[in-house]
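The values are calculated or read from the model by the stated rules, or taken from the named source; none is laboratory data. All of these numbers come straight from a predicted model, not from anything done at the bench. Heads up, the Cβs are rebuilt from the backbone with ideal geometry, glycines too, and the neighbour counts pull from every protein chain shown.
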Amino acid sequence: MSVEAGLSMTDSSHVFKENALLSMRRDVNRMHRAQPEVKHSVIFAVFQRNIPELERVLSDVSDPTSENYGKHWTRAEVGAFTSNPVATKAVLDYLSSMEVTIDHRTLYDEYITATGSVAVWESLFNTEFNVYTLKAHSGPDLAESDVDVESEHKFIRTESYSLPSELSEHVTAVFNTVQFPELRSKRRSTVSDSKKALGDDNYYYYSGNATGVVTPQLLYEYYSISNPVGSAQVSQAVFETGDDAMNPDDLTVFQQAFNLKVEAISQDIGGHVSTLACNSQYYSGCYESNLDVQYIMAISQSTPTTYYYYDFISWSDLITTVADIANPSNVYSISWGSYEITVASSYKDSFKTEAIKLGVMGTTLVAASGDDGVIAQSNSGSYLCGYYALFPASCPYVTAVGGTVGPESNNPEIACTSNVDESILITSGGGFSSYYDAPDFQKPFIKTYFSAVDGTSKQPSSGSNMKYNPSGRGYPDVALMAHNYIIAVDGSPEAVDGTSASTPVFAGMLSLVNSQRVAAGKSTLGWVNPLLYKYYASFTNDITEGDKNGCSKLNYYYTCCQEGFYPTTGWDPITGLGSVNVEKFSALFATLTLTSTSSSSSSKSLSTGAIIGISIAAFAVACLLVFGIILLLKKGSLVPSAYVVPVENIDA
């Protein structure tokens with residue numbers, strides 16, 4: 001029995017917060033009421049101060065025409081500016097009167113994890129918790145077997161919740177309430193019917209110049225990567241989930257087969273790195289994790305790489321983890337996604353908040369645009385026609401990467417769609433967010449796109465179910481090859497398709513540029529989208545050919561819908577601005593002049609006391625405005641002196 005979101009349950013003492021989004025969740029079934037004595041953990045997202053102002057700061061430090069470009073903040077500066085001691089105290093004081101334990105508090109108390117009985121939470125949230133099952137299906141294009149396999153997981157959630165009025169103003173959301181996890185599997189194609197060990201130097205697919213497949217050497221040649229070596233002074237990371245695991249032995253075999261530097265990942269967070277990763281008795285698979293790690297490290301060698309793993313697709317794990325890191329990676333590659341319509345508003349809002357904070361610190365988030373075009377694939381094994389945006393690619397503070405095809409077969413580069421060739425298993429995702437607005441710098445590109453296709457054969461249909469939102473954030477931003485990537489799987493060659501292949505490749509490209517910038521005493525790229533849209537004509541290969549992204553393939557069967565977007569000249573919602581010439585990309589961004597090194601400038605400004613403070617006294621504020629005196633007036637309200645924030649806009 002599928003479930004629908006329940007009605008909000010509130011009384012005069014409670015304030016409604018959120019309903020579950022379950023209209024598309026055919027994989028979720030409500031079983032029975034949770035036992036009152038069962039323990040359940042929830043996460044309180046504490047209201048963070050000054051986020052609108054920090055969003056304006058991000059736009060400024062990411063604008064290449066601004067004098068503040070590249071003047072990123074440290075984690076301590078961001079934490080002091082956004083932390084909310086008053087709200088934190090209110091939450092902790094309230095919980096101290098209840099029979100709960102505080103399990104964890106993130107670095108600046110943005111997220112507080114607590115465990116209590118179901119009965120306690122039902123009383124606090126004025127709701128009922130139930131036990132649900134989550135089912136995932138895999139078929140012949142997802143696993144070794146030709147038999148459809150179903151797995152089932154149980155968890156506790158509710159369908160609506162409220163908070164006591166005295167607590168509600170201090171909490172933006174409570175995770176593990178109405179936010180339902182997901183299970184997804186990775187498509188793959190097969191290189192050959194018989195597997196051969198990579199140790200054979202003469203094996204065709206590892207010769208470095210084989211046709212029909214993507215190898216590191218092809219990526220170097222086609223995208224003009226003359227030196228695929230990064231630096232130990234920068235960092236990169238991949239985000240994994242879905243019971244996938246990474247095989248370190250496969251990484252070594254892959255590196256040796258393609259004459260790459262043999263090196264291990266620098267850090268494993270989550271514990272899904274194992275030589276048994278590809279053994280189905282222990283894990284669901286290793287394709288995605290192996291792919292991401294092998295290619296991000298192939299593109300930017302000698303760059304410390306962190307592997308993050310979380311169970312299911314629970315965006316709270318990523319959100320709370322990045323908030324809890326003192327020194328986040330400079331680039332994060334995210335190959336997994338959820339349909340935006342199924343993601344709780346609290347997740348989308350909190351993710352955006354953390355993306356803003358990371359961008360201000362000089363970190364770039366890169367995400368796959370999806371493998372099913374504009375249509376939706378349910379976990380129960382069916383398709384829904386319509387325009388379904390993919391999260392987190394749809395978030396404006398993420399750089400979304402689409403897919404192309406052609407160069408691996410010595411053909412021109414075109415949009416990757418599964419109806420072009422029967423061997424192609426994916427269609428590049430792309431479209432418009434129904435939740436996030438388009439940033440100002442992207443709006444002219446969207447307007448130009450619709451002006452170019454309206455009234456032509458490339459004009460998108462309006463959609464029979466989910467319609468697209470022309471004022472929403474458009475994605476992807478760029479696109480790279482996404483078909484037949486050779487990877488090592490349990491010591492054998494496999495080929496995989498996906499924007500989840502092009503994504504770590506682009507992330508590695510960014511690491512190469514970061515390495516050059518840091519070596520030159522400059523900042524890392526951070527939120528790179530404003531740069532991409534300003535200078536795209538100098539480094540992109542415009543992708544104008546290919547079919548619309550309205551078809552997809554499941555278990556080797558096509559589903560084609562009337563919906564979809566065609567590639568065209570300039571930006572389009574299937575290949576973005578086009579693919580990237582790394583030589584030109586690096587030459588342009590590595591020499592961008594309006595920069596300063598984040599760590600040195602911000603740290604120096606703090607150590608010398610040149611910090612803007614916020615006073616709670618009106619007289620002191622008036623003095624600041626009149627005389628322009630920069631003082632340290634209130635502990636916990638710090639911003640770097642390199643960037644001056646208007647006093648009247650700061651929440652003290």
- [ ] Report, by residue number, each residue of region 548-573 that is within 26 Å of P444 (Cβ to Cβ) and either touching a helix residue (DSSP H, G or I) at 6+ places or on another chain (Cβ under 9 Å) or surrounded by fewer than 21 Cβ atoms within 10 Å (Cβ to Cβ) (or both).
- [x] F565, Y566, T568, T569, G570, W571, D572, P573
Open item on the list: So S300 passes all but one of these: (1) modelled with pLDDT of 95 or more; (2) hydroxyl-bearing (S, T, Y); (3) under 30 Å from K467 (Cα atoms). Which condition number does it fail?
Closed with: (3)
Open item on the list: Filter region 435-466 down to the residues that are closer than 21 Å to F391 by Cβ, of a type in the set (S, T, N, Q) and surrounded by fewer than 18 Cβ atoms within 10 Å (Cβ to Cβ) and list them by number.
Closed with: N465
- [ ] Mind listing just one residue for me: the one in region 522-546 that is touching a helix residue (DSSP H, G or I) at 6+ places or on another chain (Cβ under 8 Å) and among the small types (G, A, S) and, of those, modelled with the highest pLDDT?
- [x] G526
Open item on the list: Tell me whether region 381-396 contains one or more residues that are surrounded by fewer than 24 Cβ atoms within 10 Å (Cβ to Cβ), modelled with pLDDT of 95 or more and hydroxyl-bearing (S, T, Y).
Closed with: no
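Just one of T158, T127, T172 is within 28 Å of I325 (Cβ to Cβ) and modelled with pLDDT of 95 or more; which is it?
Step by step, each of T158, T127, T172 is checked, and only T172 is within 28 Å of I325 (Cβ to Cβ) and modelled with pLDDT of 95 or more.
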Task: Test: S471 is at pLDDT below 95 and surrounded by fewer than 18 Cβ atoms within 10 Å (Cβ to Cβ) - done: no
Open item on the list: Could you tell me how many of the residues in region 64-99 are of a type in the set (A, V, I, L, M) and either under 29 Å from the mean Cα position of the chain (by Cα) or crowded, with 19+ Cβ neighbours inside 10 Å (or both)?
Closed with: 6
Task: Only one of Y388, Y397 that is aromatic (F, W, Y), in contact with a helix residue (DSSP H, G or I) (Cβ under 7 Å, 6 or more places away or on another chain) and farther than 24 Å from K467 by Cβ - done: Y397
- [ ] For region 31-48, indicate whether the set of residues that are under 22 Å from the mean Cα position of the chain (by Cα), closer than 30 Å to L532 by Cβ and surrounded by fewer than 22 Cβ atoms within 10 Å (Cβ to Cβ) is non-empty.
- [x] no
- [ ] Read through the list (1) within 21 Å of the chain's Cα centre (by Cα); (2) modelled with pLDDT under 95, then give the number of the only condition that V293 fails.
- [x] (2)
TODO: Hey, could you check region 397-411 for residues that are part of a loop (DSSP other than H, G, I, E, B) and crowded, with 24+ Cβ neighbours inside 10 Å and say which is nearest to the chain's Cα centre (by Cα)?
DONE: V398
Open item on the list: What's the total number of residues in region 70-96 that are more than 19 Å from N327 (Cβ to Cβ) and either modelled with pLDDT under 95 or of a type in the set (A, V, I, L, M, F, W, C) (or both)?
Closed with: 6
Task: Count of residues meeting criterion [among the polar types (S, T, N, Q) and either at pLDDT below 80 or in contact with a Phe, Trp or Tyr (Cβ under 9 Å, 6 or more places away or on another chain) (or both)] in region 1-39 - done: 6
